[in-house]
Structures are given as C-alpha cells and as structure tokens.
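Here is the structure we will look at, set down as structure tokens.
Nothing in this text is a laboratory measurement; each read-out follows from the coordinates by a stated rule. Keep in mind that what you see is a predicted model, and the values were worked out from it rather than measured. No Cβ is skipped: glycine too gets one built from the backbone with ideal geometry, and neighbour counts run over all protein chains shown.
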Amino acid sequence: MTDTDMRRDLTLVFLRVCLGAIFIYHARMKLGWTEFSILWETDNLIHYTYTQLGPFIQLVTQTLNFLTPSQAEFMAISAALVEYCAGWGIFLGFMTRISAALLCCLMIVAIYFHLPYGFNGAQGGFEWAMLCLAGSQALLTGAGRYSIEGLISATTTAESQA
C-alpha cells in the first residue's frame with residue numbers, strides 16, 4: 001500500500017464518519033429519537049415516531065403541494081428512515097455506494113426545499129444541503145480500505161489467495 005493510498009483511505013474515513021454523523025443526527029431529530037434510549041423505552045415506537053414526524057410531514061406537504069396528504073406523509077417517513085439507515089451505512093462503510101446514492105437523491109430534494117431561502121444556510125438556504133450532496137457524491141467511489149466493506153474485501157481476498 002502506497003502513502004497516497006493510505007492518505008486517500010484515511011480521508012474517506014474522516015469524510016464517512018463526519019457526514020454519516022450529520023445524517024444520523026438530523027434523521028434522529030426528524031424521527032423524534034433525540035436519545036437512543038427512546039428506541040427501547042417507548043411502548044409504541046411506531047406511534048411515537050409518527051407523532052414526532054408531524055412537523056416534517058407538514059413541511060413536505062407544504063413544499064410538495066402537488067402530492068396528496070398520504071403521498072407526502074409516505075415521502076416524509078421514507079426520507080427520514082432512508083436518511084437514518086443510509087447515514088449509518090456511510091458511517092460504518094457498509095453498502096456505501098448505495099447509501100451515498102440514496103443520500104444524493106435526498107440532498108437534491110433538500111436543495112429544492114431550501115432554494116426559496118437563498119444560499120445562506122444561516123437564513124434557511126441550501127448551503128448545507130449542497131455541502132452534504134458534495135460529500136455524498138465523493139462517497140460514490142466507495143468506502144475505502146478502513147470500513148466494513150474494506151474488511152470484507154480483505155478477508156475474501158486473503159481466503160481466495162490461501
């Protein structure tokens with residue numbers, strides 16, 4: 001392994017961990033999972049999550065007013081769950097290309113949502129969504145050597161050479 005390969009793989013680790021943490025955090029806020037203990041302490045997690053998603057569902061309904069309320073609700077729930085699962089995918093480096101592609105799609109929609117507010121993220125603009133889109137696009141190349149995918153690849157390669 002060359003020095004350049006190692007630097008590339010370490011860069012991918014830092015990008016994956018940072019970007020994955022951002023997606024996981026924001027998805028948890030949408031889902032109302034502010035603390036992980038909610039996942040096992042809540043009696044009816046589906047009902048709790050659905051009530052917590054209310055503001056996000058309203059935002060989707062208002063922005064995409066051509067959708068029926070049930071379509072907007074489905075889209076909001078799907079987006080939050082995809083953001084959560086794909087965030088973990090890139091954080092761990094597992095199914096990274098698929099996760100990154102899904103997050104690219106979500107960020108394109110997020111840019112559409114924030115477009116009316118301009119570029120400045122502090123004023124509700126699309127600046128942060130665009131940055132997350134760029135990071136997700138960079139991960140379309142893969143997770144790198146220091147990931148679950150890299151570990152699986154190294155194990156299968158070692159087994160095939162034995």
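Remarks
- Stretch gain in nm, segment VAL17-HIS47, where the contour uses 0.36 nm per residue and the Cα spacing is subtracted: 7.8 nm
- On Cα atoms only, tilt of 148-161 relative to the major axis of the chain in degrees: 30 degrees
- Each Lys and Arg contributes +1 and each Asp and Glu -1, all at the Cβ; summed about the Cα centre of the chain, the dipole is approximately 280 debye.
- Residues of the range 1-42 with amide N under 20 Å of the 7 Å Cα→Cβ point at ALA154: 1-18
- Of the chymotrypsin sites (Phe, Trp or Tyr not before Pro) in the range 63-150, those whose Cβ has at most 13 other Cβ within 10 Å and which sit in DSSP loop: PHE66, PHE119
- When the range 3-161 is described by a simple charge dipole with +1 on each Lys and Arg Cβ and -1 on each Asp and Glu Cβ, the residue from LEU53, GLN123, LEU19 located farthest towards its positive end is GLN123.
- Candidates GLY20, GLY121, GLY93: whichever shows maximal mean-square fluctuation once the chain is modelled as a Gaussian network with Cα springs under 10 Å: GLY121
- Förster radius 35 Å - calculated FRET efficiency between PHE119 and ARG8, Cβ distance, rounded to 0.05: 0.70
- Across ILE46, ILE148, ILE22, mean-square fluctuation computed from a Gaussian network of the chain (C-alpha pairs under 10 Å connected) peaks at ILE46.
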